[in-house]
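The values are calculated or read from the model by the stated rules, or taken from the named source; none is laboratory data. Because the structure is a prediction, the values reported are computed rather than measured. Backbone-built Cβ (ideal geometry, glycine too); neighbour counts: all protein chains shown. All accessible areas refer to the heavy atoms of the entire protein, side chains included, with ligands and DNA or RNA removed. Shrake-Rupley method; radii C 1.70, N 1.55, O 1.52, S 1.80 Å.
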2 protein chains.
Amino acid sequence: MSLLRKVVFLQRKLQLIPPGSSLLVAFSGGADSVALVLALLELKGFIGWKRILLMHVNHMIRGGEAERDELFCREFAQRHQLPLLVERIDIPSIAEKKKENLESIAREERYRLLREVKDREGLDLIVTAHHLNDLVETVLLWLVRGCGTEGLMGFDEREGDVVRPLFLVKKEEIVAFVKGKGESWVEDSTNMDVGYARNRIRHRVIPELKKINPSFEENFLRLRALLKDEDSYLREKTKEALALVQQEGRKAFLKLHPALQRRVVMEIYGVRNFRLVEQIINSIKKGEELKTAQYRIS
Amino acid sequence: MSLLRKVVFLQRKLQLIPPGSSLLVAFSGGADSVALVLALLELKGFIGWKRILLMHVNHMIRGGEAERDELFCREFAQRHQLPLLVERIDIPSIAEKKKENLESIAREERYRLLREVKDREGLDLIVTAHHLNDLVETVLLWLVRGCGTEGLMGFDEREGDVVRPLFLVKKEEIVAFVKGKGESWVEDSTNMDVGYARNRIRHRVIPELKKINPSFEENFLRLRALLKDEDSYLREKTKEALALVQQEGRKAFLKLHPALQRRVVMEIYGVRNFRLVEQIINSIKKGEELKTAQYRIS
């Protein structure tokens, strides 16, 4: 399936971006976001979207390269007659102050800004260029760093006001699509640095896995669909269990299946750490009452 | 935790090999099975196992190297005063006849032989040297080749009459344990051939993942525990759903959550293929009755 067909398929299946929507597109100038904008432009009239606004965030991390990227984005937007907002944030200083790593601060600040602009401009949705390879990389990263079952599902096509039309598209299809349009993009030089865990997964791990099975990513999507369904069922059952525990307390909790006990504790106590969840379950088994009072079922 | 402590921990948790048991140990002469036998010997009196019999299968795949391995096993068994059975099977000829790959035929034939000897000698359990790295490799292999949720769990500590006391032990701990005992082992030269998918995972993929997180294997074990619990709950619910569908047919099936519909179809029709399951569900939705007649609930 071609890139555009995959975007249309997802659009039809989930009504991902309803007709009449106004969109704020996160635009870095990389191949992914160039492909995203080109695809959106091609489908804009067909689906009937109202407005497309690009936003480029200059994180001021990569000095001269960041200036080059900003220029590329300005030129690209002008050529396609698209409005572009450029925001600059001094990520290194914020990271220094908050003592957190650049990557996560950059992501946090980027989404904060996108949301701010979206609200200010009265737009409906934030559109990002996340694609199937990003998904597989994210899941492998979670798997390696340690996660619960939700980590195996990575991110979704739609999360609140963020939508990802390239969700089903592979990187190789993105590159081919952009090249086929005669367009270019800017390459982030840190993308090749395997000192970053994600790049190690991308450049060292996934190519080996694809030698074993070239359609590894598609297979993962199928497995993910199973996991999603089972998770949705388990959430339903957890909700029922929560209501019961809310009414009847500890006694009802002890009768639950261990899988539901774990999910109920995660909900009520707001913890995700495996050991902590086990500790809480053990203390309830030993006689402690559940802290249901502070918890409201939504 | 040391290797022996991990074996004892598992033994206590699951009563993996009950006192008084007679054991048939699959013994290749590789580091894993050498560690297994040394650990079993050390715990034999402590736990009170009755009898340990080693069995070496010469698959006649690797010519001179297979002879060397057989000799090593004979010498090892003699030195430790353990009875050893050696069986030879001409795997290449069988694979040629059955048109299947060597690896899977070898595994199949090895288990068939082990079971035969176990029954003939009146032994209780087959003991294999599978360890934590094997588990992680198996799961990654399934993930890459495409699997359902059961693939994510790999193999179990106990499956029928097969037990795996080294389930929690990492390869590095095995090597250190064997060296610490002043023992040696034979190395299968094909283990280094990354033409085999498993070796590619072992030598190219996992070392990269461990650079990101050295305790990646332990984290996986935790995730696996969650998956196991949720799977056990889903099996319980599937059983209930099956009984209902058995009684009330299609109407009850249509009311089930999609996750249960899928599991019910897999049970009744004995299929695991994702697309096939979807097809069957669709045809039932379109009006076809379920083939519950041929199905017996166990």
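Annotation: B:S215 fulfils all but one of (1) over 21 Å from A:G148 (Cα atoms); (2) modelled with pLDDT under 95; the unmet one is (1). With respect to the stated conditions, B:L85 fails to be under 18 Å from B:A26 (Cα atoms) and outside any strand (DSSP E or B).
Pick from the stretch A:83-97 the residues that are without any contact (Cβ under 8 Å) to a residue 24 or more places away in the chain, open to solvent by 40 Å² or more (accessible area, probe 1.4 Å) and not polar (S, T, N, Q): which of them is nearest to A:E67 (Cα to Cα)? So the residue we want is A:E96. Looking only at residues in the stretch B:151-161 that are of a type in the set (G, A, S) and within 14 Å of another protein chain (Cβ to nearest Cβ), the one that is surrounded by the fewest Cβ atoms within 10 Å (Cβ to Cβ) is B:G151.
Go through B:R164, B:R204, B:R222, B:R145 for me and flag whichever is touching an Asp or Glu at 6+ places or on another chain (Cβ under 6 Å), of a type in the set (K, R) and within 13 Å of chain A (Cβ to nearest Cβ).
Sole residue among the options that is touching an Asp or Glu at 6+ places or on another chain (Cβ under 6 Å), of a type in the set (K, R) and within 13 Å of chain A (Cβ to nearest Cβ): B:R204.
Residue count for the stretch B:243-291 satisfying the condition of being closer than 23 Å to B:C147 by Cβ and not hydrophobic (A, V, I, L, M, F, W, C): 14. Of all residues assigned to the stretch B:120-139, at least one qualifies as being exposed (fewer than 12 other Cβ atoms within 10 Å of the Cβ), at pLDDT 90 or above and either over 20 Å from B:M192 (Cα atoms) or not assigned by TED's automatic domain parsing to the domain that holds B:V186 (or both). On the given criteria, is A:V175 modelled with pLDDT of 95 or more and more than 9 Å from chain B (Cβ to nearest Cβ)? Spelling it out, A:V175 is indeed modelled with pLDDT of 95 or more and more than 9 Å from chain B (Cβ to nearest Cβ).
Could you tell me how many of the residues in the stretch B:1-38 are under 18 Å from B:V162 (Cβ atoms) and part of a loop (DSSP other than H, G, I, E, B)?
Residues meeting the conditions: 8.
Results for (1) loosely packed, with under 15 Cβ neighbours inside 10 Å; (2) assigned by TED's automatic domain parsing to the domain that holds A:D32; (3) not charged (D, E, K, R), shown as yes or no for each residue.
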| residue | (1), (2), (3) |
| --- | --- |
| A:S189 | yes, yes, yes |
| A:A197 | no, yes, yes |
| A:R200 | no, yes, no |
| A:R204 | no, yes, no |
| A:N219 | no, no, yes |
| A:L226 | no, no, yes |
| A:E236 | yes, no, no |
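Number of residues in the stretch A:226-245 that are more than 8 Å from chain B (Cβ to nearest Cβ) and hydrophobic (A, V, I, L, M, F, W, C): the value is 5. Applying the criterion of being aliphatic (A, V, I, L, M) and more than 14 Å from chain B (Cβ to nearest Cβ) to the residues of the stretch A:246-270, the residue that is least open to solvent (accessible area, probe 1.4 Å) is A:A252. Based on this model, can you work out whether B:G182 counts as open to solvent by 40 Å² or more (accessible area, probe 1.4 Å), of a type in the set (G, A, S) and without any contact (Cβ under 8 Å) to a residue 60 or more places away in the chain? For B:G182, the condition - open to solvent by 40 Å² or more (accessible area, probe 1.4 Å), of a type in the set (G, A, S) and without any contact (Cβ under 8 Å) to a residue 60 or more places away in the chain - is met.
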